[in-house]
Amino acid sequence: MSKGTIGVTSDNIFPVIKKFLYSDHEIFLRELISNAVDATQKLRTLSSVGEVKGDLGDTRVRVIIDKSKKTLTVSDHGIGMTAEEVDKYINQIAFSGAEEFVNKYKDKTEAIIGHFGLGFYSAFMVSDKVEIFSLSYKDEAKAVHWSCSGETTYEMEDTIKAERGTDIVLHINSEFEQYLEDATIEGLLHKYCQFLPVEIAFGKKKEWKDGKQVETDEENIINDTTPAWTRKPAELKDEDYKAFYRKLYPMQMDEPLFWIHLNVDYPFHLTGILYFPRIKNNLDIQRNKIQLYCNQVFVTDEVENIVPQYLTLLHGVIDSPDIPLNVSRSYLQSDNNVKKISSHITKKVADKLSELYKNDKADFEKKWNDIRLFIQYGMLTDEKFYERAIGFAQFKNIDGEYYNLEAYKEKIKANQTDKDGNLIALYTQNADSNYTHIERARAKGYDVLLMDGELDVHAMSQLEQKNDKLRFVRIDSDVLENLIRKDEQKKDDYTDEQKEGIRKAFESILPTDQKLNYYVTFEAAADDALPVFLTQNEFMRRMKEMSQHQQGISFYGEMPDQYNLVINTSHPLIQDLIAKMTSEEVEEEVEKPQDDKQKEENAEPVKETVRKTVWTLSGQDERLHQLTDIALLASGQLKGEALAKFVNRSIQLL
Ligand code: ADP
């Protein structure tokens with residue numbers, strides 16, 4: 001027997017492991033099983049080149065719990081280790097600057113483990129004592145027994161071991177007895193080892209017999225050694241991809257819309273399958289995340305730093321040995337491989353979408369509703385993706401026709417270019433409540449887009465920034481004639497005083513609501529337009545809508561909704577109202593306007609008397625009410641008591 005000191009330059013690595021790595025202690029199982037799988041694969045490689053002769057026999061990795069001895073064993077039939085190798089790989093953990101590093105990454109378990117190759121030592125997070133029993137594949141090798149109780153000293157001696165390979169025996173610490181429970185271990189195996197390339201056995205398969213679950217003689221293999229992403233796309237049918245999707249996300253009811261099988265050899269290695277789920281709304285709730293693997297070992301499902309954020313809306317698996325998994329997350333973003341991988345995935349995703357669009361436009365249109373959120377999010381947050389996606393991003397009009405931007409511009413160019421050369425795309429967010437406006441637009445041969453998506457407002461603003469002279473305006477944001485101005489504005493013959501009188505008359509009967517503001521404005525609209533109607537300023541409304549997703553401009557969100565109650569002075573009913581007004585001359589005392597010099601001297605204001613014509617409208621309240629209600633009704637804003645009153649008043653008028 002030999003005793004020795006573990007070659008750690010820091011005083012004692014174990015307190016560090018136990019204390020700082022506490023939070024993530026479950027990864028010990030992943031580390032030990034990865035080592036066992038590596039040892040098995042090394043053996044297979046040696047066998048394939050003829051360095052190991054004969055049949056390899058049983059190569060399963062086994063995880064065994066012994067409750068009475070309170071041990072957990074990971075056992076493999078891999079290459080094993082000689083005493084020299086145990087000394088070299090286990091005893092001499094070569095690292096420098098340990099203390100400095102450990103202090104820096106105190107709370108980043110994976111960083112410490114990866115940096116020092118402490119995979120094996122993570123066993124000490126949950127154990128009082130760890131033993132290794134190993135027999136190397138090498139001829140004449142003697143079996144070795146190593147044990148260590150968490151101090152910096154170990155013991156090593158020859159032992160008897162019949163079969164080639166390594167058993168790592170963990171004497172589980174009393175605080176961590178959950179790792180002696182079948183259910184805990186099963187859960188961890190499922191999480192980390194589900195797709196490992198070597199069979200992992202844990203316990204026996206169970207079956208139902210006489211209403212009870214009983215163990216069979218067959219070993220329970222917990223993993224699929226050739227998951228879909230490791231196979232050639234040509235070998236896989238749609239059903240295989242869907243079956244793998246269900247395996248990844250058993251709780252997901254919807255089938256994926258389509259998928260991309262990634263397979264990159266150069267300049268880095270990357271395989272995987274990305275699925276496009278139906279994304280209906282709500283950017284935040286994404287239960288099913290992309291899973292990141294390293295050579296089929298599960299690493300994390302927090303891939304935010306590895307792929308652009310919008311790609312995290314996708315589902316599936318990415319497997320790359322080239323992503324430095326064991327470094328801090330902030331470091332990841334600046335890593336060159338990670339950057340390349342990220343832009344490669346972006347390109348692949350865009351290529352796939354573009355291909356789907358070109359191959360079958362009708363099918364792409366059918367899927368559009370389900371993928372638009374993803375595509376728009378990508379376009380808004382990733383310049384490169386915007387450039388690729390602008391060719392296939394769709395615009396849907398209220399007749400259910402789809403266009404890409406170029407085609408849509410072409411469609412509306414002739415009829416919807418205003419006198420200043422701006423191309424005006426009209427849209428609605430709700431065809432029902434904009435019905436009157438839409439009908440008028442149709443009568444003029446205008447097209448109306450349906451923009452009811454969660455990110456449509458943001459998307460439109462982006463398109464305006466990127467496309468000079470393209471403007472989106474909601475169909476009810478102004479009088480139709482003003483939305484697409486083709487000639488100079490029509491004027492009416494009424495004086496400001498007359499309009500002031502009409503404004504006051506309407507204001508006196510307008511509904512008062514803290515969340516709604518109505519401003520009375522005048523417009524010589526067409527005489528076939530309604531006598532009074534509501535419009536809503538495009539800019540203000542859009543800011544308000546955008547503020548729901550964006551921080552920093554939330555003050556828009558708190559403002560009341562503002563509507564213009566537009567009085568159409570071209571309409572005979574309004575002309576009749578104005579004709580019914582009476583006027584009187586009044587004298588009013590006002591402050592005399594000051595010239596610059598007076599202002600500079602801060603002179604006392606001088607009052608003067610002016611004569612004014614004041615117009616009033618009386619005895620018309622019923623008509624004013626009726627006109628206002630019609631405007632509200634046409635915009636879907638007449639509700640409850642006001643609606644009931646309108647109905648009664650209408651009946652009385654009849
Ligand atoms: P890493 O796996 O990152 O190299 P570890 O501390 O987990 O770091 O293991 C150190 C070395 O010990 C491995 O590289 C391998 O050579 C050897 N080793 C560990 N476990 C086994 C095993 N089950 N069979 C054979 N060799 C092993």
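Remarks
- Relative contact order, percent, region 228-358 [alpha-carbon distance under 8 Å, six or more residues apart]: 21 percent
- Of the GluC sites (Glu not before Pro) in region 475-538, the ones in a loop by DSSP (not H, G, I, E or B) with at most 15 other beta carbons within 10 Å are 488.
- Applying D = kT/(6 pi eta Rh) to region 228-358, where Rh is the Kirkwood radius over alpha-carbon pairs, T corresponds to 37 °C and eta to 0.692 mPa s, the Stokes-Einstein value obtained is 216 µm²/s.
- Estimated from helices alone, the mean residue ellipticity of the chain at 222 nm is -10500 deg cm²/dmol (sum of -39500 (n - 2.57) over DSSP H runs with n ≥ 4, per residue).
- In the chain, taking the dipole from charged Cβ atoms about the Cα centre, the farthest positive-side position among 424, 482, 397 is held by 397.
- Point-charge dipole on Cβ atoms (K/R +1, D/E -1) for region 501-654, about Cα centre, debye to 20: 640 debye
- Reachable aspartates and glutamates from residue 409, criterion Cα separation under 19 angstrom, eight or more residues apart if same chain: 365, 387, 399, 401, 418, 420, 447, 456, 464, 468
- Straight-distance crosslink candidates among lysines, where the alpha carbon sits under 24 Å from residue 607 and sequence neighbours closer than 8 are dropped: 592, 597, 599
- Positive-end ranking of 602, 586, 575 along the dipole of region 526-639, with charges on Cβ about the Cα centre, is headed by 575.
- Taking GluC sites (Glu not before Pro) across region 552-625, the ones in a DSSP loop with at most 12 further Cβ atoms lying within 10 angstrom of their Cβ are 601.
- Cross-link table 384/486; 232/340; 469/504; 67/191, entries beyond 28 Å C-alpha to C-alpha: 384/486; 469/504
- Globularity index of region 558-654 is 1.70 (Cα radius of gyration / 2.2 N^0.38 Å, N = number of residues).
- Listed from fewest to most Cβ neighbours within 10 Å, the set 294, 193 follows the order 294, 193.
- Of all DSSP bridge pairs formed entirely within the chain, close to 75 percent run antiparallel.
- Taking Cα centre as origin and charging only the Cβ of basic (Lys, Arg, +1) and acidic (Asp, Glu, -1) residues, the dipole magnitude of region 174-261 rounds to 360 debye.
- Sorted ascending by nearby beta carbons within 10 Å, beginning with the fewest, 121, 408 become 408, 121.
- The spread of Cα positions in region 478-618, taken along each principal axis and listed from longest to shortest, comes to 52, 45, 35 Å.
- The distance from the alpha carbon centre of region 486-542 to that of region 564-579 is 9 Å, rounded to a whole number.
- What you get for the chain, charging only the Cβ of Lys and Arg (+1) and of Asp and Glu (-1), is a dipole of about 1280 debye around the Cα centre.
- Charge dipole of the chain about the Cα centre (unit charges at C-beta), most positive-ward option of 317, 57, 343: 57
- With N the number of residues in the chain, Rg(Cα) / (2.2 N^0.38 Å) evaluates to 1.45.
- Cross-link partners of residue 88 among lysines (Cα-Cα below 22 Å; sequence separation of 8 or more within a chain): 3, 42, 129, 138, 142, 161
Each value in this text was obtained by applying a stated rule to the coordinates, not by laboratory testing. Bear in mind the structure is a predicted one, so any value in this text is a computation, not a measurement. Note that we place each Cβ from the backbone using ideal geometry, even for glycine, and neighbour counts take in every protein chain shown.
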